[in-house]
Structures are given as C-alpha cells and as structure tokens.
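What follows is a short report on a single structure.
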Amino acid sequence: MNLPLLRTGLLISLLLLGFAAGAQTTGDPIQTDGTIEVGDAAVSDGEIRQRIATLLGQIDGFQNVSVGVSGGVVTLSGQVLDNAKRDELTAIVDRVAGVVAIENRTEISASLEERLEPAVDRLVDRGRNILANAPIFLVAVSVFLAIAILGWILTTRIGIWHRLAPNSFIADVYRAVARIFFVVLGIVVALDILNATALLGAVLGAAGVVGLALGFAVRDTVENFIASILLSLRQPFRPNDFVEIDGDMGSVARLTSRATILISPDGNQIRIPNATVFKGRIVNYTRDPNRRFTFDLGVDADADLAAALATAVNALAGLPFVLRDPPVSAWIAEVGDSNVVLTFAAWVDQRQTDFMKARGEAIRTAKNALESSGFGLPEPIYRLRLDNRSSLHAVTAERVDASPEPKPKPVADTPLPSAADPEHAADDTEEVVERERNATDTGSDLLSDDRQAE
C-alpha cells in the first residue's frame with residue numbers, strides 16, 4: 001500500500017471536514033448597510049440585545065440562540081435546526097436598528113428529535129388543512145364529474161353531430177373536440193371553486209409540452225389523421241373511380257382514417273397512406289365519362305398514307321361504341337426503319353363501354369380494315385450472308401429496309417364480343433371493389449356517393 005498517498009488522502013479529508021464544520025458554525029462578521037450612529041443618536045447595546053431577544057423568542061427554532069452585543073456588534077451563539085435557519089437568523093438581526101455587524105456563531109443541531117419535529121408539524125398541519133378543505137374538495141370533484149358526464153351525454157346520445165358533419169369520421173372528430181371542451185370546462189370550474197385557478201396555467205403548460213413531445217413522436221400518424229380529415233371534406237374521388245396516385249393505378253374502394261384503398265386491375269389491394277394521397281399527384285380517369293384511347297399501327301413505307309389513314313378512320317368511326325363527337329382522329333407519328341407508324345385516336349363513354357376492351361376491339365378493326373384494303377403491316381426483315389473467308393463460317397445479318405410487296409388476302413372479320421354490350425361493359429374490378437366495400441363497416445369509409453367531389 002502507498003502510505004504517502006494514504007496520508008495525503010486523510011489530510012485532504014480532514015481539511016474538507018474542518019472547512020464544512022467551520023462553514024456551519026462560524027464565519028466572518030457580516031457588515032450591515034445601516035448608518036453607524038454616534039453620540040446621543042446611537043442605540044445602546046442593551047436596547048439592541050433586548051430587541052433581538054424579544055424577536056427571537058417569538059419565532060420557532062431560535063429558542064436556543066444566545067445574543068451578545070458590544071459596540072453595536074451582535075454575536076449570536078447556540079444551536080439552530082439547519083443552514084436555512086441560520087440565514088433567516090442573520091436576516092432578522094440585520095433589520096434591527098443600531099446593529100453595526102453580525103457575527104453568527106450558531107451551530108447546526110445534532111438532535112434527531114429536534115430536526116424531525118418541524119417536519120412532523122408540517123405534516124400534521126397539512127393533514128388538518130386537507131380535512132378542513134375536504135367538503136369543498138368534494139364539491140369541486142362533484143361539479144367536475146357533473147360537467148364531464150353532461151358533455152358525454154351531449155356528445156353520445158344526441159345525433160346532431162351527424163347532421164353537422166359530412167361523414168361519420170368528421171362527426172367523431174366533432175364529438176371528440178366537444179368532449180375535450182367539456183372536460184377542460186369542468187377542470188376550470190373545479191379549480192375556481194377551490195380558489196386554485198393559478199394551477200390552470202401550469203396544467204395547460206404541462207399539457208402543451210406533453211402534446212408537443214407526442215406530436216413529434218407520432219408525427220406520421222398525426223399527419224395521416226389530418227390528411228384524412230381534409231380528404232373526407234374535399235372528396236377528390238368517389239368509390240369505383242379509376243385513379244392513378246403517385247404511380248399506383250386502381251379503382252377506389254375505400255377511404256379510411258389512415259389510408260386510401262385501391263383495387264388494381266389485377267385485383268390486388270393497394271393501401272396508400274392518406275398523407276401521400278393528399279400531397280401526391282392524383283389522376284382521375286373516371287371524372288370525365290368521355291375518355292380517349294390511342295394506338296399505333298405501321299404500314300409500308302411506299303404505301304398511300306392518306307388512303308391508309310382514311311381507311312382506318314372510317315373503320316373506327318363505324319364502331320358502335322366510338323363517339324361521333326369528338327370525332328376519330330389519326331396522324332403520321334414517325335417514319336420507322338421499314339414502315340411508317342400511324343397513330344389513331346378515338347373517344348368512348350366509360351359509363352357504357354369498357355375502356356380496355358374498346359381499345360382492343362378498335363385495334364383489331366383497324367388492322368383488319370388496312371389488311372383488307374391491301375395495306376401491309378410489315379415487320380423488320382433481316383438478310384443473312386455467309387462469309388467463307390475463314391475456316392469458321394461467319395454469319396452476318398443485314399437488315400433490309402424494303403419489304404416485299406404484300407399480297408392481299410381475305411380476312412375473316414369476325415367481331416369479338418362487343419365492348420358496348422352491357423354484359424361486357426362493366427369492368428371486372430367493380431365486383432372486387434364492391435366486395436371490398438361490403439366486407440367492411442360502412443362507418444369506416446369516408447367517401448360518399450351523395451357528396452359532390454372536388
């Protein structure tokens with residue numbers, strides 16, 4: 001063991017203990033701020049001592065303090081309960097006229113009984129205060145409960161909220177806000193009865209801090225909740241609307257308090273957070289019943305392009321599901337390697353016609369019409385050339401831009417099931433959407449067919 005180090009540690013400990021003891025018992029004389037009087041105006045030491053002794057005798061905790069005065073310098077000795085009492089003693093003596101300086105030599109009492117007695121007295125006094133204020137406290141609690149119960153009855157039993165709100169979700173929000181209002185009102189009235197309204201500021205401040213912390217912790221949940229309220233009020237789409245939201249396409253099934261449910265054309269369920277829906281790009285293909293479809297067909301580069309366009313346009317205009325206004329349109333899109341690409345566009349009424357089936361039937365009809373009129377729809381043709389310059393045979397492919405003249409051939413124009421037929425007009429996903437809507441509680445859906453969409 002390192003004896004010098006041990007002796008140094010003991011010496012430091014003794015010095016610290018001595019310093020602490022000195023801080024509790026003695027200290028430098030404290031100079032007062034009063035003017036030092038001389039002559040007949042000076043207060044005698046006996047009067048100062050008598051005045052201080054009288055004051056200390058009336059205050060609990062200073063009965064064991066002795067007072068000595070010499071030349072206006074007051075010397076205090078004895079025992080006090082703690083350092084707070086020592087500071088209080090110095091402050092009292094400092095206010096007595098004629099005191100020039102104070103030398104506080106009092107010590108902290110080591111008696112456990114004396115130090116516990118004030119705490120016991122405080123507990124007894126508080127118990128008496130509680131018993132004395134118990135009736136008024138019970139009245140305040142009763143008033144709070146009465147107001148809270150009244151608010152619960154008004155928000156639960158009365159159906160006015162459903163008449164004020166556009167849907168059940170907003171009605172629940174109104175109901176929750178009303179309940180919070182009644183609870184806060186009950187707290188304010190109860191604190192006013194207890195004459196403790198000053199606590200209301202502290203309670204609201206603490207609630208604000210807690211609410212701020214919770215807001216940061218559940219920021220995404222709060223964002224989705226607010227977005228649900230705004231979406232339910234704005235109604236950017238209706239049930240069964242075919243929409244595209246940030247790249248996801250599908251028919252709208254439901255709008256809940258957390259997410260928007262889509263049914264993709266493949267029948268898959270897509271859940272998109274409402275915050276994403278509210279901030280995202282929404283394309284609603286169903287809002288306008290008239291929708292245009294386009295497709296491309298390629299014809300020979302040396303064909304009569306004007307005649308090809310007219311032939312296909314006349315064929316498309318003859319389809320029963322194609323609208324006359326706006327009319328069918330066509331144009332030359334580009335010149336390819338071995339053909340010329342023609343683009344055709346036509347409009348259908350989505351309420352009576354399935355869009356995808358109509359587009360497929362239009363492509364079939366235009367293709368048959370062009371082929372029946374002798375227009376070829378060529379594909380790229382490759383020519384193979386064999387090179388025997390080495391022992392290994394190399395095959396080189398050369399693309400031929402010109403295609404041989406097509407030979408007209410009869411085409412059986414057997415129509416597919418008509419896209420305008422009511423039996424085939426409905427989209428296959430509508431049944432999936434209806435099952436999704438019927439499988440859940442109607443109160444959880446924030447969409448309404450009765451409200452006007454945004």
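The values are calculated or read from the model by the stated rules, or taken from the named source; none is laboratory data. This structure is a prediction, so every number in the text was calculated from the model and none was measured. A quick note on method: Cβ atoms are made from the backbone with ideal geometry, for glycine too, and the neighbour counts reach across all protein chains shown. We work out accessible area using only protein heavy atoms, side chains counted, and drop any ligands, DNA or RNA first. Shrake-Rupley method; radii C 1.70, N 1.55, O 1.52, S 1.80 Å.
Placing +1 on the Cβ of every Lys and Arg and -1 on the Cβ of every Asp and Glu, with no other charges, gives segment 50-161 a dipole of roughly 500 debye about its Cα centre.
Under 11 Å from a label point 7 Å along Cα→Cβ of residue 220: give me every residue in segment 240-276 with its amide N that close. Inside the label zone: 273. A straight chain from residue 302 to residue 91 at 0.36 nm per residue would run longer than the Cα-Cα distance by 64.5 nm. Multiplying the residue separation of residue 325 and residue 50 by 0.36 nm and subtracting their alpha-carbon distance yields 87.5 nm. Computing FRET efficiency as 1/(1 + (r/R0)^6) for residue 149 and residue 120, where r is the C-beta to C-beta distance and R0 is 41 Å, gives about 0.50. Per-residue extension of 0.36 nm, minus the Cα-Cα distance of residue 230 and residue 349, leaves a gain of 39.8 nm for this segment.
Measuring with a 1.4 Å probe in the full set of protein chains, what accessible area per residue, in whole Å², belongs to segment 245-318? It would help to have the intermediate numbers written out before the result.
On the way: 3390 Å² over 74 residues.
With the other protein chains kept in place, segment 245-318 gives 46 Å² per residue.
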